[in-house]
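Before any comments, here is the structure.
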Amino acid sequence: MTTGVRRRLTVEERRQQLIGVALELFARRSPDEVSIDEIASAAGISRPLVYHYFPGKLSLYEAALKRAAEDLADRFREPHEGPLGARLLRVMRRYFDFVDDHGPGFSALMRGGPAVGSSTTNALVDSVRQAAYVQILSHLRIEEPPARLELVVRSWISLAESTALLWLDGRRVPREELEVQLVQDFAALVAVGAAHDGPTAALLKPLLKDEPGDGPFADLVTRLVSLAA
């Protein structure tokens with residue numbers, strides 16, 4: 001009779017395991033409420049062993065939130081195929097998947113807290129915002145946007161963040177409706193920017209003319225016309 005021998009994890013494998021365990025706990029409670037003892041117990045190791053891989057509680061929290069930030073930034077990646085409205089809707093669905101699955105951790109990342117130094121948290125949040133900004137520009141096929149368009153895109157990213165945070169506080173609006181609303185918010189912000197800025201209008205007209213009649217952008221126009229009537 002033979003028995004399996006449990007392979008000992010390397011230092012990096014153990015570190016990644018602890019980060020994963022921490023993120024699972026953060027999905028249910030704020031990082032400030034999760035102790036090293038809980039993380040050690042969930043990982044099946046002792047508390048002193050956790051400190052062997054991470055010099056302190058803060059360093060583990062920072063590593064966990066860094067992975068969460070990278071995951072969140074990846075949600076904005078989308079193949080450049082099909083209408084822009086449909087692409088943005090898929091992005092918002094993945095974004096809210098993350099928010100739904102990691103509520104307390106998302107709040108901790110975006111709002112910061114005592115567990116993580118403000119400079120580290122700010123740097124992580126800025127990295128997510130910048131990654132989102134670059135991805136949106138790539139969908140607009142623009143590398144150097146006019147000043148007004150840059151303002152529009154960055155404002156929309158901030159709006160998505162604040163909307164998600166407010167939604168977590170009670171989830172009173174169905175997320176599917178918010179996903180569509182945020183895509184239409186993007187269209188509305190862009191339309192206002194284009195109305196005041198010729199270069200922005202010139203850049204966006206070729207993209208918007210290919211939007212289908214049943215897409216989120218066309219739906220917004222229909223609703224606005226109905227309100228005006």
Inset, instruction - Take the range 177-208 and flag every residue that is buried (at least 18 other Cβ atoms within 10 Å of the Cβ), touching a Phe, Trp or Tyr at 6+ places or on another chain (Cβ under 6 Å) and closer than 16 Å to PRO145 by Cβ. - result: PHE186
Legend entry - Considering residues of the range 177-212 that are closer than 18 Å to MET92 by Cβ and assigned to a loop (DSSP other than H, G, I, E, B) only, the residue modelled with the lowest pLDDT: GLU211
Inset, instruction - Could you figure out which of (1) surrounded by 18 or more Cβ atoms within 10 Å (Cβ to Cβ); (2) at pLDDT below 90 isn't true of ARG29? - result: (1)
Inset, instruction - Could you tell me whether the range 158-167 includes any residue that is buried (at least 18 other Cβ atoms within 10 Å of the Cβ), touching a Phe, Trp or Tyr at 6+ places or on another chain (Cβ under 6 Å), closer than 28 Å to LEU58 by Cβ and touching a residue at least 12 places away in the same chain (Cβ under 8 Å)? - result: no
Inset, instruction - May I ask you to say which residue of ARG77, ARG93, ARG87 is within 24 Å of ALA160 (Cα to Cα), of a type outside the set (Ser, Thr, Tyr) and not in a helix (DSSP H, G or I)? - result: ARG77
Inset, instruction - State whether one or more residues within the range 36-50 are in contact (Cβ under 8 Å) with a residue 12 or more places away in the chain, of a type in the set (Ser, Thr, Tyr) and in a helix (DSSP H, G or I). - result: no
Legend entry - Top-ranked residue in the range 213-229 [being of a type in the set (Gly, Ala, Ser) and assigned to a loop (DSSP other than H, G, I, E, B); ranked as modelled with the lowest pLDDT]: ALA229
Legend entry - Output for the range 26-53, where each listed residue is among the charged types (D, E, K, R) and more than 28 Å from the chain's Cα centre (by Cα): ASP37, ARG47
Legend entry - Residue within the range 36-58 that is surrounded by 15 or more Cβ atoms within 10 Å (Cβ to Cβ), under 17 Å from ALA131 (Cβ atoms) and not small (Gly, Ala, Ser) present: no
Inset, instruction - Name the one entry in GLY113, GLY105, GLY56 that is within 15 Å of the chain's Cα centre (by Cα) and at pLDDT below 85. - result: GLY105
Legend entry - Criterion: within 30 Å of VAL153 (Cβ to Cβ), touching a strand residue (DSSP E or B) at 6+ places or on another chain (Cβ under 7 Å) and assigned to a helix (DSSP H, G or I) - qualifying residue of LEU23, LEU65, LEU72: LEU65
Inset, instruction - Using the structure shown, decide if ILE142 is crowded, with 19+ Cβ neighbours inside 10 Å, at pLDDT 85 or above and within 24 Å of HIS196 (Cα to Cα). - result: no
Inset, instruction - Return the only residue of ARG141, ARG171 being in contact with a Leu (Cβ under 8 Å, 6 or more places away or on another chain) and part of a loop (DSSP other than H, G, I, E, B). - result: ARG141
Inset, instruction - Check the range 108-120 and report whether any residue there is free of Cβ contacts under 8 Å to residues at least 40 places away in the same chain and either buried (at least 21 other Cβ atoms within 10 Å of the Cβ) or not small (Gly, Ala, Ser) (or both). - result: no
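The values are calculated or read from the model by the stated rules, or taken from the named source; none is laboratory data. It should be emphasised that the depicted structure is a prediction, and the values quoted were computed from it without experimental measurement. Note that each Cβ is placed from the backbone with ideal geometry, even for glycine, and that neighbours are counted across all protein chains shown.
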